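Below: the structure, in structure tokens.
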Amino acid sequence: MSITEISTAIKEKALELGFADCGFSKAESLPEEAARLQEWLDGGYHARMGYMANHFEKRTDPTLLVEGARSVISLLYNYYTDKKQTDPEAPVISKYAYGRDYHLVLKEKMNRLFYFIRSLHPEAEGRVFVDSAPVLDRSWARKAGLGWIGKNSCLISRKAGSFVFIGEIILNLELDYNQVPEGDFCGSCRRCVEACPTGAILENRTLDSERCISYQTIENKGEISPELESLLAGRVFGCDICQDVCPWNRKAILHAEPEFEPSSDVLNMTADQWSHLDQERYKELFIDSPVERAGFSKLLNNLAFLQKKA
Ligand code: B12
Ligand code: SF4
Ligand code: SF4
């Protein structure tokens, strides 16, 4: 098979497996991205995510991460839903956490894509990543022509909006790198910057994690910053505000992934039920979800913080 034929076959298979888009980039170091990442780290915008400063060279050069790497296959998976929690007083969880953990769901599908590539080309070697190693997911998706980086720092696809997860297969085959990075389709819009309740979105398309509700309610293993008192906007796990207001998500297509379907028990939980959540119920509601990954005690701390500030 020629490089073009194999590339076309991979893309077709990815779409058949349910991915919203798929693109290819040459595996090489990313000097521009490295400079941006360095600036972000120097500014302390990673807050206490110390792991973001680790493996800087591997993070900015996949050939150091995967031996023999020649290509990066970037994949987008839609998780947009218009379903909402029914009690307006209930603490809000982010859409990305409604269903089964995306790491598990995407990894299975990406492994299937990898086996398919091997069936076409038995010498194919590589590794599959979903936010599971030092890889700059958004940068690779941008480079592969799958979207641009919005002012809210999210990768936005013109086809699918920004409620998409990103994964990669890094492999030893050469592919067709025809895609050119998208232009900037934010224009003069600043909705996300203006809507962010904590002012976490900086002017240069980056994010101050310390001020971000998503960081505070998921990643911050310590106390939530008292500075954010009364600014969490009812969010107990993650935050979608800067994506909900984005015009590019107005026409987002509903995902068709049964594993991301929220249970009606989660959607219909009342504020009162949330305030009495115990470990047993938590396990039943959030088994294998991103919320379970963060841990019961983190969720309880977040609930307590919200109640304190109510
Ligand atoms: C750390 C992290 C966070 C941190 C910091 C987020 C941030 N903006 O940096 C916190 C905890 C706050 C967070 C929050 C969320 N996250 Co997060 N997070 C990550 C993680 C693990 C690393 C991101 C990172 O490297 N940050 C450092 C900054 C400097 O890099 P960056 O944002 O990727 O930006 C690079 C490029 O965009 C580029 N760039 C930016 N502008 C431009 C312009 C030009 C011209 C060029 C050339 C390059 C360029 O420069 C940067 C460095 O190379 C990634 C997974 C991964 N391995 O990549 C997921 C990831 C970014 N998160 C994701 C998600 C879904 C979320 C949330 C929506 C979850 C939620 N609902 O609460 C929020 C969104 C908040 C937001 N507006 O960004 C998705 C994003 C998907 C998408 N469509 O963009 C990712 C990719 C996970 C995944 N595999 O799907 N996250
Ligand atoms: S996720 Fe929420 S807090 Fe973080 S930047 Fe977006 S709107 Fe602001
Ligand atoms: S809300 Fe506007 S500025 Fe923000 S990412 Fe979307 S289009 Fe860009």
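The values are calculated or read from the model by the stated rules, or taken from the named source; none is laboratory data. Quick caveat: nothing in here was measured; it's all calculated off a predicted structure. Positions of Cβ are backbone-derived with ideal geometry, glycine not excepted, and every protein chain shown enters the neighbour counts.
Observations on the model:
- Matching entry among N172, N152 (being within 16 Å of ligand 3 (Cβ to nearest atom) and of a type outside the set (G, A, S)): N152
- Among residues of the stretch 32-54 that are assigned to a loop (DSSP other than H, G, I, E, B), those with a Cβ under 8 angstrom from a residue that is aliphatic (A, V, I, L, M), sequence gap 6+ or separate chain, pair up as Y45/L202; Y45/L207; H46/M52; H46/A53.
- Selection within the stretch 248-289 - surrounded by 14 or more Cβ atoms within 10 Å (Cβ to Cβ) and within 25 Å of R190 (Cβ to Cβ): W248, N249, A252
- Which listed residue is touching a helix residue (DSSP H, G or I) at 6+ places or on another chain (Cβ under 6 Å) and among the hydroxyl-bearing types (S, T, Y), from S230, S214: S230
- Considering only residues in the stretch 176-189 that are modelled with pLDDT of 85 or more and within 25 Å of the chain's Cα centre (by Cα), the one that is nearest to L120 (Cα to Cα) turns out to be Y177.
- For the stretch 175-207, filtering for residues that are near ligand 3 (Cβ under 10 Å from one of its atoms), outside any loop (DSSP other than H, G, I, E, B) and not acidic (D, E) leaves 5.
Conditions tested, residue by residue: (1) polar (S, T, N, Q); (2) touching a strand residue (DSSP E or B) at 6+ places or on another chain (Cβ under 7 Å); (3) without any contact (Cβ under 8 Å) to a residue 24 or more places away in the chain.
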| site | (1), (2), (3) |
| --- | --- |
| A124 | no, yes, no |
| A133 | no, no, no |
| L136 | no, no, no |
| W140 | no, yes, no |
| S153 | yes, yes, no |
| N172 | yes, yes, no |
| C196 | no, no, no |
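- Across the stretch 72-99, the number of residues qualifying as of a type outside the set (A, V, I, L, M) and touching a Pro at 6+ places or on another chain (Cβ under 9 Å) comes to 8.
- Residue in the stretch 261-277 that is under 16 Å from Y102 (Cα atoms), modelled with pLDDT of 95 or more and within 16 Å of ligand 1 (Cβ to nearest atom) present: no
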